[in-house]
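The values are calculated or read from the model by the stated rules, or taken from the named source; none is laboratory data. Bear in mind the structure is a predicted one, so any value in this text is a computation, not a measurement. For neighbour counting, all protein chains shown are included, and Cβ atoms are generated from backbone atoms with ideal geometry for every residue, glycine included. For accessibility, only protein heavy atoms count, side chains too; no ligands or nucleic acids. Shrake-Rupley method; radii C 1.70, N 1.55, O 1.52, S 1.80 Å.
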Amino acid sequence: MSRIPTAAQQLALDPATVRRARALARKVGGPVVRIAKAHTTVSVERATLRLAGLAGADVEGIPWANRLVDVVRDQVGLEHGVALPVWDAMARSGDDLTVLAQKAAAGSVTFRVPDAGAARTAARRARSAVAQGFRRIDRNRRTREKLIGRYGDPPTPWVYLIVATGDIYEDIPQAQAAAREGADVIAVIRSTGQSLLDYVPEGATREGYAGTYATQENFRLMRAALDDTSKELRRYVRLTNYASGLCMPEIATLAGLERLDMMLNDSMYGILFRDINPIRTFVDQRFSRAVHARAGIIINTGEDNYLTTADAVEAAHTVTVSQLLNEYFAKEAGLADWQLGLGHAFEVDPELPDSFRLELAHALLARALFPDAPLKWMPPTKHMTGDVFRGYLLDAFFNLAGELTGQGILLVGMMTEAVVTPWLSDRDLALQNVRYVRNAAGNLREDFRPAPDGFIATRARAVLGEAVELLERIAADRGNAPLLTAIGDGTFGLMKRPADAGRGLDGVVRKAPGYLNPALDLLAEGATR
Amino acid sequence: MSDVVRPYGDTTGDGMVQLSFTLPIPHDKRAEGAAAQLARKMGLDPAMVVHAKAMGPDFTFFVVYGAVSHLVDLREVEVVERDYPLLGPKEVNAAIKTRLRRPLVVVGGCIGTDAHTVGIDAILNIKGFAGEKGLEYYAEIEVHNLGAQVSIPDLVERSRQTRADAVLVSQVVTQKDAHLHNTRELSAAFREAFPASRRPLLVVGGPRFDEHQATALGVDRIFGKGTTPGEVASYLVHRIAPATPPASPEHRRAS
């Protein structure tokens with residue numbers, strides 16, 4: 001295998017152009033990181049409290065984390081972070097975190113931003129409490145590594161299947177059945193609209209809409225069920241959920257606390273597709289990615305979504321640009337290459353001549369640019385017409401492209417895409433499709449060499465060139481954050497999202513000097529106490 | 001052509017159809033018999049169970065071929081026929097100019113979680129669909145395409161701001177009838193936000209809709225798959241700038 005030329009060699013990519021692309025991504029992303037570091041959000045502060053063990057909700061279902069952060073914000077603001085006022089109040093009253101949250105919600109706690117000795121005491125106690133959460137995340141990571149060590153990892157691409165009934169107790173047997181049928185990764189799709197809730201629902205849930213709510217208890221139940229199945233199959237079955245939307249930092253934290261293995265986590269998806277405020281997104285994303293890095297979670301980015309709105313050929317370079325930006329933001333937050341499930345999709349119009357060669361060019365380009373990342377390969381959706389027979393054929397070509405270009409994570413395409421939620425038989429047929437292609441052509445990569453000046457290599461180089469041009473255009477803006485200008489102008493996915501608008505903007509707070517967040521400190525130091 | 005037809009396999013009148021389904025029983029001889037029984041009850045006689053495969057210990061998948069005994073009477077078929085004249089872009093522009101005497105304002109988008117703007121873009125973007133230019137191409141139509149995953153309150157707000165004559169909503173990818181649920185929500189929100197005389201025309205489209213259901217879903221018109229921009233533009237003119245004003249201007253905005 002080692003004699004196979006790398007994808008970059010096969011496409012004869014100019015190493016200087018590749019370096020230039022990365023340098024531009026850094027140049028464009030850097031100012032956004034500076035803005036992210038200068039702000040906090042209500043969800044980052046709530047995630048900090050959750051790491052310290054605050055769970056549960058009031059009778060209306062509003063989590064205590066929300067209640068406490070809201071009261072602290074009303075009384076003293078969040079400019080100094082939630083940790084100092086909260087642990088100061090605990091030191092004065094002797095209450096534990098949950099009791100304090102309950103009393104605060106009832107209006108019987110007066111918060112202050114402590115100084116001098118009181119501040120030092122509060123900071124020390126906050127750190128010690130939050131560190132317990134990280135020790136649990138660290139233990140989970142070791143458990144995962146141990147289980148993978150015991151069972152071994154499946155061959156790539158990993159087969160990724162979705163369950164989404166809305167009821168966690170229905171999801172569990174479906175997920176276990178999917179794993180028995182060959183799924184390496186189970187994703188539980190979230191209920192419609194959860195990304196726009198500014199709180200994480202509590203407990204086991206049985207009523208979701210076109211998906212199941214992401215809650216800590218649902219995470220725990222599903223992971224425990226898949227642990228049983230992993231043991232039965234002697235194969236570690238990974239669990240995926242979505243760290244996106246307004247509660248990205250909290251969901252990432254709960255994923256770490258409950259040993260989820262992969263999380264959807266894109267740097268711009270929420271901005272573009274959910275109209276979430278850009279600053280809110282970048283602050284939340286940086287925190288969530290740092291937690292994922294610590295937890296050993298693989299992120300999946302959402303570039304496939306661009307191609308559901310824009311044309312897959314015309315917009316191919318925006319996928320590359322987004323991958324480069326996602327890589328920059330991910331690494332800045334501490335993620336390693338093996339944790340970057342950078343996204344892309346098989347969405348070229350099948351009526352176009354050479355559509356499959358175009359797909360191969362785009363997929364190989366991603367492989368070439370990110371040789372150590374487990375790329376996330378998404379099946380056709382846009383050109384699935386309801387003709388399930390044609391859909392099944394397209395899915396086979398999608399599977400073949402995945403094998404041929406060494407994709408890491410393959411979301412299994414359903415022939416009934418755009419028709420119904422997958423039936424049991426759709427999933428079974430889809431897995432037969434994957435197995436046939438893998439068995440028939442899994443090693444074809446050894447023989448497959450695009451001609452250096454052929455259609456595929458030329459197309460890949462052209463897309464990279466367009467990506468560099470777009471990054472140069474973005475970087476040429478003289479404002480203090482060119483990327484925010486570009487997002488405001490509709491550069492990505494054709495949606496215009498200005499930095500001073502969008503959902504969740506009121507949850508963004510500029511940090512004051514003396515801001516304290518023990519979670520950010522423990523993440524930056526990699527410390528356990 | 002006869003008014004009575006049967007499905008066509010390879011010979012006129014053979015009545016051949018194919019179907020596939022799953023039964024929640026283990027795969028064995030009895031399961032295949034059960035599949036044949038279902039097919040017969042569905043009107044397939046003779047029914048051939050050509051494929052049966054176990055899916056795990058508790059389910060079996062079948063492919064069945066057979067001749068249906070049913071006849072289709074074309075005289076009894078009911079469809080929504082176009083009840084408005086089809087106009088070219090020039091005629092649409094002229095009608096709006098002379099009868100409405102201001103641009104016709106259209107707000108469009110995908111609601112719910114659907115990120116697939118392929119439908120709304122086909123109708124609205126200049127590029128268009130099936131060789132016809134989209135509504136943006138029409139000089140007298142002012143288009144506000146809000147894109148994917150627009151919330152219903154935002155759609156109402158933008159319709160108010162832009163004084164929209166019509167709201168076009170596309171639903172391509174749907175799960176568990178989300179498109180129906182979303183459409184009812186859309187209708188309720190607009191009926192609440194606008195008095196009946198000022199409410200924009202509500203038009204939804206997508207491959208999973210039944211064109212008969214407009215009234216049941218509380219919208220003015222449903223367009224199924226394959227609808228072209230010209231059809232939509234002609235319909236909008238028919239309703240908003242009609243040749244003879246309707247007796248009760250239900251959907252006309254007081255201007």
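When the stretch A:391-415 is examined, which residues are found to be open to solvent by 30 Å² or more (accessible area, probe 1.4 Å) and away from chain B (no Cβ under 14 Å)?
Kept after step one, since they are open to solvent by 30 Å² or more (accessible area, probe 1.4 Å), are these residues of the stretch A:391-415: A:392-393, A:397, A:400, A:415.
Once the filter is applied, which keeps residues that are open to solvent by 30 Å² or more (accessible area, probe 1.4 Å) and away from chain B (no Cβ under 14 Å), the stretch A:391-415 yields A:LEU393, A:PHE397, A:LEU400.
Could you grab me the full set of residues in the stretch A:423-452 that are in contact (Cβ under 8 Å) with a residue 40 or more places away in the chain and acidic (Asp, Glu)?
Those that are in contact (Cβ under 8 Å) with a residue 40 or more places away in the chain and acidic (Asp, Glu): A:ASP428, A:GLU446.
Per-residue answers, yes or no, for (1) free of Cβ contacts under 8 Å to residues at least 40 places away in the same chain; (2) outside any strand (DSSP E or B); (3) not β-branched (Val, Ile, Thr); (4) not assigned by TED's automatic domain parsing to the domain that holds A:GLN194:
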residue: A:PHE282; (1), (2), (3), (4): no, yes, yes, no
residue: A:ALA290; (1), (2), (3), (4): no, yes, yes, no
residue: A:VAL313; (1), (2), (3), (4): no, yes, no, no
residue: A:VAL321; (1), (2), (3), (4): no, yes, no, no
residue: A:LEU325; (1), (2), (3), (4): no, yes, yes, no
residue: A:LYS331; (1), (2), (3), (4): yes, yes, yes, no
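The conditions are (1) of a type in the set (Gly, Ala, Ser); (2) within 14 Å of chain A (Cβ to nearest Cβ); (3) under 17 Å from B:ALA67 (Cα atoms); (4) more than 28 Å from the chain's Cα centre (by Cα), and B:ALA52 fails exactly one of them. Which is it?
For B:ALA52, the failing item is (3).
Quick check on this structure: which one of A:GLU181, A:GLU207 is over 17 Å from the mean Cα position of the chain (by Cα), at pLDDT below 95, within 14 Å of another protein chain (Cβ to nearest Cβ) and crowded, with 18+ Cβ neighbours inside 10 Å?
A:GLU181
Filter the stretch B:179-204 for residues that are crowded, with 20+ Cβ neighbours inside 10 Å, within 14 Å of chain A (Cβ to nearest Cβ) and over 18 Å from B:ASP154 (Cβ atoms) and give the result.
B:HIS179
Residue by residue through the stretch A:82-103, note down the ones that are small (Gly, Ala, Ser) and either open to solvent by 10 Å² or more (accessible area, probe 1.4 Å) or free of Cβ contacts under 8 Å to residues at least 12 places away in the same chain (or both).
Of everything in the stretch A:82-103, those that are small (Gly, Ala, Ser) and either open to solvent by 10 Å² or more (accessible area, probe 1.4 Å) or free of Cβ contacts under 8 Å to residues at least 12 places away in the same chain (or both) turn out to be A:ALA91, A:SER93, A:GLY94.
Among the residues of the stretch B:84-127, write down those that are away from every other protein chain (no Cβ under 14 Å), closer than 19 Å to B:LEU186 by Cα and surrounded by 23 or more Cβ atoms within 10 Å (Cβ to Cβ).
Just the residues of the stretch B:84-127 that are away from every other protein chain (no Cβ under 14 Å), to begin with: B:84-107, B:123.
If we keep only those that are closer than 19 Å to B:LEU186 by Cα too, we end up with B:105-107.
Within the stretch B:84-127, B:VAL106, B:VAL107 qualify.
Yes or no, residue by residue, for (1) surrounded by fewer than 16 Cβ atoms within 10 Å (Cβ to Cβ); (2) at pLDDT 90 or above; (3) not aliphatic (A, V, I, L, M):
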| site | (1), (2), (3) |
| --- | --- |
| A:ASN140 | no, yes, yes |
| A:THR143 | yes, yes, yes |
| A:LYS146 | yes, yes, yes |
| A:PRO154 | no, yes, yes |
| A:TYR160 | no, yes, yes |
| A:VAL163 | no, no, no |
| A:TYR169 | yes, yes, yes |
| A:PRO173 | yes, yes, yes |
| A:GLN176 | no, yes, yes |
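What do you reckon, is A:ARG438 open to solvent by 10 Å² or more (accessible area, probe 1.4 Å), more than 24 Å from A:ALA23 (Cα to Cα) and within 14 Å of another protein chain (Cβ to nearest Cβ)?
In short, no.
Just one of (1) away from chain B (no Cβ under 14 Å); (2) in a loop (DSSP other than H, G, I, E, B) trips up A:ALA418, so point out which.
With (1) away from chain B (no Cβ under 14 Å); (2) in a loop (DSSP other than H, G, I, E, B) applied to A:ALA418, the lone miss is (1).
Suppose the filter is away from chain A (no Cβ under 14 Å) and touching a Pro at 6+ places or on another chain (Cβ under 9 Å); does B:VAL5 pass it?
Against the criterion (away from chain A (no Cβ under 14 Å) and touching a Pro at 6+ places or on another chain (Cβ under 9 Å)), B:VAL5 does not qualify.
For the stretch B:128-142, name all the residues that are open to solvent by 20 Å² or more (accessible area, probe 1.4 Å), away from chain A (no Cβ under 14 Å) and aliphatic (A, V, I, L, M).
B:ALA139
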